[in-house]
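Below you'll find the structure, written out as structure tokens, and then a few comments.
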Amino acid sequence: MPGSFQCLHCHYHVSTEPLYAGVQNRNHCPYCLWSRHVDWKEAGDRLAVCRAEMQPVGLAVKLTRKKYALAGGGELMLVHLCRECGKVSINRLAADDDPEKVLEIFERSLDQSGSHLLQVELGEIAPLQRSEIKLVEVQLFGKQ
């Protein structure tokens with residue numbers, strides 16, 4: 001079906017329609033949050049040759065200089081690690097992503113250590129730590 005793909009990990013069919021996803025370039029599943037390595041240099045270029053599964057390994061905040069950014073943070077992002085080539089990428093959360101699953105990924109990442117988090121820190125991305133649970137809850141559930 002045009003405007004959709006089948007998740008490599010959970011095999012659900014996923015719509016890429018911006019109307020549902022709230023993002024222009026979707027390559028992760030809203031149910032399991034796994035992705036596919038499709039972008040090479042920038043979101044939406046679809047030039048990667050790897051095409052392997054990308055595991056969600058944590059959350060990060062994309063730092064921004066925008067005037068109307070969220071106070072005390074930035075945009076919440078999924079951190080993915082390619083299971084084949086090891087590339088780390090950051091993906092915007094989509095409107096239809098399962099917030100409970102996103103929280104689960106965050107909680108699981110707190111018990112991990114790995115070079116992928118160091119790679120993320122080297123860019124304009126800040127990996128989230130245990131102390132930032134309130135930021136995650138506010139952005140996912142609107143809790144104060």
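The values are calculated or read from the model by the stated rules, or taken from the named source; none is laboratory data. As the structure is a computational prediction, the values presented were derived from the model and not from experiment. Positions of Cβ are generated from backbone atoms using ideal geometry, with glycine treated the same way; all protein chains shown enter the neighbour counts.
When the residues of the stretch 9-30 are filtered to those that are of a type in the set (A, V, I, L, M) and not in a helix (DSSP H, G or I), which remaining residue is farthest from ARG92 (Cα to Cα)? Per the criteria, the residue is VAL14.
Residue count for the stretch 92-131 under the criterion of being modelled with pLDDT of 90 or more and among the acidic types (Asp, Glu): the result is 6. Entry remark, the stretch 10-23: residues being surrounded by fewer than 19 Cβ atoms within 10 Å (Cβ to Cβ) and touching a strand residue (DSSP E or B) at 6+ places or on another chain (Cβ under 9 Å) number 6 in total.
Among residues of the stretch 73-90 that are modelled with pLDDT of 85 or more, those with a beta-carbon under 6 Å from a residue that is part of a loop (DSSP other than H, G, I, E, B) and buried (at least 21 other Cβ atoms within 10 Å of the Cβ) at least six positions away or on a different chain give the pairs LEU76/LEU93; CYS82/HIS37.
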